[in-house]
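In what follows, a single structure is set out as structure tokens and then discussed.
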Amino acid sequence: MKKYELMYIVNANLDEEARTALIERMHAVLTDNGATIDKVDEWGLRDFAYEINHMKKGYYLVVTFTSDSKAIDEFKRLALINRDIVRHMIVSLD
């Protein structure tokens, strides 16, 4: 199992309750597929450098976790389907 860092941006137009539920659901995708979450940094609401899908702001999160490829593949699949996740990026920390 390897260490990874995941950054993803949640739609800023969600209210706090919906945003919290989405974050918990996406973290559960990782843990349900064998990952262990080491650290979660919520950067909060930030301005984009340019408009993305007619949005100018997003809620940023950075997650450090240990996993194999199964959890990563499932997170990517669900992040692409979910319209409330604006962007995501996963990098290896080796």
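As a footprinting exposure proxy, order Leu22, Leu30 by other Cβ within 10 Å, with the fewest listed first.
Leu22, Leu30
Around Ala12, which amide H atoms from residues at least 5 apart in sequence, or from another chain, sit under 5 Å from its own amide H, with H modelled in the peptide plane?
Amide H neighbours of Ala12, under 5 Å, 5+ apart: Tyr59.
Check cross-link reach from Lys57 to the aspartates and glutamates: straight Cα distance under 16 Å, and skip same-chain residues fewer than eight apart.
Counting by Cα, and skipping residues close in sequence, Lys57 has these aspartates and glutamates nearby: Asp15, Glu16, Glu42, Asp47, Asp84.
How do Leu78, Leu6, Leu45, Leu61 line up, fewest other C-beta atoms within 10 Å first?
With the fewest neighbours first, Leu78, Leu6, Leu45, Leu61 line up as Leu45, Leu78, Leu61, Leu6.
Need the C-alpha centroid separation for region 1-17 versus region 59-81, integer Å.
Here the two parts' Cα centres lie 9 Å apart.
First measure r as the distance between the Cβ atoms of Lys39 and Asp15, then evaluate 1/(1 + (r/R0)^6) with R0 = 30 Å and state the FRET efficiency to the nearest 0.05.
0.70
Based on the alpha-carbon set only, what is the convex hull volume of region 2-92 divided per residue, in Å³? Walk me through the intermediate numbers first.
On the way: hull volume 7.7 nm³, N = 91.
Residue-normalised Cα hull volume stands at 85 Å³.
Computed from the coordinates by the stated procedures, all read-outs in this text should not be read as laboratory data. All values derive from a computational prediction rather than experimental measurement. As a convention, Cβ positions derive from the backbone with ideal geometry for all residues, glycine included, and neighbour counts pool all protein chains shown.
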